[in-house]
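Asks: Sharing a structure with you now.
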There are 2 protein chains.
Amino acid sequence: MPNVFVKVPEPTLRRLPWYLAYAKLARQQGETHLSSTQIAQKIGIDASQVAKDFSFVTVSGKTRVGYEIDELITTLEQFLGFTNCHKAFLFGAGSLGSSLLHDNGLTQYGLEVVAAFDIKVELVGTQINRIPIQHLDRFMEIQAQTGVQIGILTVPVNQAQEVADIMIAGGIKAIWNFTPFRIRVPEDIVVQNTSLYAHLAVMFNRLRGLLEEEKE
Amino acid sequence: MPNVFVKVPEPTLRRLPWYLAYAKLARQQGETHLSSTQIAQKIGIDASQVAKDFSFVTVSGKTRVGYEIDELITTLEQFLGFTNCHKAFLFGAGSLGSSLLHDNGLTQYGLEVVAAFDIKVELVGTQINRIPIQHLDRFMEIQAQTGVQIGILTVPVNQAQEVADIMIAGGIKAIWNFTPFRIRVPEDIVVQNTSLYAHLAVMFNRLRGLLEEEKE
């Protein structure tokens, strides 16, 4: 298989992990094959959408029996990058940052945090979940030694842009931004925004809408 | 002001916290007024989009000087629900669940986790960050006493649907789903999906694209 890189649409990349999660569950329940129609029904997504999403992944299903479930899981995991080990640094070991350091689940999905950086003297030299916390001043040196390209940004809002600039200057290529601040970066830097608080705002608004409706 | 509930489009609800974060930063830096043009420039969003987003929020700007910054911040925080205290339960105090219990940041955005539920005997009766962990069997009883309507779902994939069903049967109205499983719920239940792993998949794919480009 030639290693041709395909830029997959973001909605597809967000749905594929759902199919993967469902396939793993079906395997646990003893299934050996899975069709895109089955997945579509169980997940509540249009079957043609599922088929379209799968068209980005090189996985071959057979008419009637569908995909061989082990192959489907392995292919999806590889395609999504979950089987590769991507080393990452975390910037800002405060409340949210240290809580992410506690989450061992990330490793299972291919992200291994190898060091955290902070400027608080009382944190520097300590460890969280066996991950060492270093002073931010040492980032460039440690990056040069390790070549880590992914940085998780969990600093306070007022430091988000400054630290993002430092990360990029030091060789970070992809920033997973957990701050509610919209950082500006050069075109050749990948930014993935995951603002828990924005998701909270959506949930609060929808819940309020629901409760108002019930009142009527 | 009549309390008319407006269903705000999700993209707007996701952008408003960016404006809020920027306004707070500008206030720290000594600004007293802020125009939507300024916000647009700093955040890299079209000015007409910012103005449109603000049209959902009852905030009055003056020509030339823009919004009074304190009023803007207070109005946005209230509008987004961050100033109300929303009590929540967490379901599944494993790796991701316990890491969320460590995050005090959520409280600042209006979400207070008052109890966690799990089925592991060794966890029941313990506390994480002063939040008590109870056996899932006690959920209905505790929900009836407290009337909590928000549930955070952080159980393993193979228990996601079952626990979601229990949550709903017990009176939970909004589910913040952190599992990669797409749960099925009745129409009158709010679901907010926050799959960290789906975001990882997007980031890995984009990073890979970038590195392939650089090779060429």
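The values are calculated or read from the model by the stated rules, or taken from the named source; none is laboratory data. Keep in mind the model is a prediction, meaning the values are calculated, not measured. Reconstructed Cβ throughout: ideal geometry from the backbone, glycine too, with neighbour counts over all protein chains shown.
Asks: Tell me yes or no: at least one residue of segment B:95-104 is in contact with a Phe, Trp or Tyr (Cβ under 9 Å, 6 or more places away or on another chain), more than 25 Å from B:Ile168 (Cβ to Cβ) and facing chain A (nearest Cβ under 9 Å). Before the answer, list the steps.
Replies: From segment B:95-104, those in contact with a Phe, Trp or Tyr (Cβ under 9 Å, 6 or more places away or on another chain) are B:96-97, B:100; that's our starting set.
If we keep only those that are more than 25 Å from B:Ile168 (Cβ to Cβ) as well, we get none.
Taking every residue of segment B:95-104 in turn, none turns out to be in contact with a Phe, Trp or Tyr (Cβ under 9 Å, 6 or more places away or on another chain), more than 25 Å from B:Ile168 (Cβ to Cβ) and facing chain A (nearest Cβ under 9 Å).
Asks: Could you identify the single residue in B:Ala115, B:Ala93 that is touching a Pro at 6+ places or on another chain (Cβ under 8 Å), of a type in the set (A, V, I, L, M, F, W, C), within 30 Å of B:His135 (Cα to Cα) and not in a helix (DSSP H, G or I)?
Replies: Numbers: B:Ala93 fails: touching a Pro at 6+ places or on another chain (Cβ under 8 Å).
Going through B:Ala115, B:Ala93 in turn, the sole match is B:Ala115.
Asks: Check B:Leu20, B:Leu13 and return the single one that is within 23 Å of A:Glu213 (Cα to Cα) and either surrounded by 16 or more Cβ atoms within 10 Å (Cβ to Cβ) or at pLDDT 90 or above (or both). Can you show your working first?
Replies: Numbers: B:Leu20 fails: within 23 Å of A:Glu213 (Cα to Cα).
After applying the criteria, what remains is B:Leu13.
Asks: Does A:Phe89 count as among the aromatic types (Phe, Trp, Tyr) and at the interface with another protein chain (Cβ under 8 Å from one of its Cβ atoms)? Please lay out each step first, then the result.
Replies: On the way: among the aromatic types (Phe, Trp, Tyr): yes; at the interface with another protein chain (Cβ under 8 Å from one of its Cβ atoms): no.
So A:Phe89 fails the test.
Asks: Still on this structure, please answer the following. For segment A:168-184, state whether one or more residues are more than 19 Å from the chain's Cα centre (by Cα) and part of a helix (DSSP H, G or I).
Replies: yes
Asks: Continuing with this model, one more query. With the structure loaded, tell me whether B:Asp188 is exposed (fewer than 15 other Cβ atoms within 10 Å of the Cβ) and within 9 Å of chain A (Cβ to nearest Cβ) or whether it fails that test. Full working, then the answer.
Replies: Working: exposed (fewer than 15 other Cβ atoms within 10 Å of the Cβ): yes; within 9 Å of chain A (Cβ to nearest Cβ): yes.
Answer is yes for this residue.
Asks: May I pose another question? List every residue pair whose Cβ atoms sit under 6 Å apart, with the two residues 6 or more apart in sequence or on different chains, where the first one lies in segment A:23-48 and is in a loop (DSSP other than H, G, I, E, B) and the second, anywhere, is of a type in the set (Lys, Arg).
Replies: Between residues of segment A:23-48 that are in a loop (DSSP other than H, G, I, E, B) and residues that are of a type in the set (Lys, Arg), the close pairs are A:Gly44/B:Arg184.
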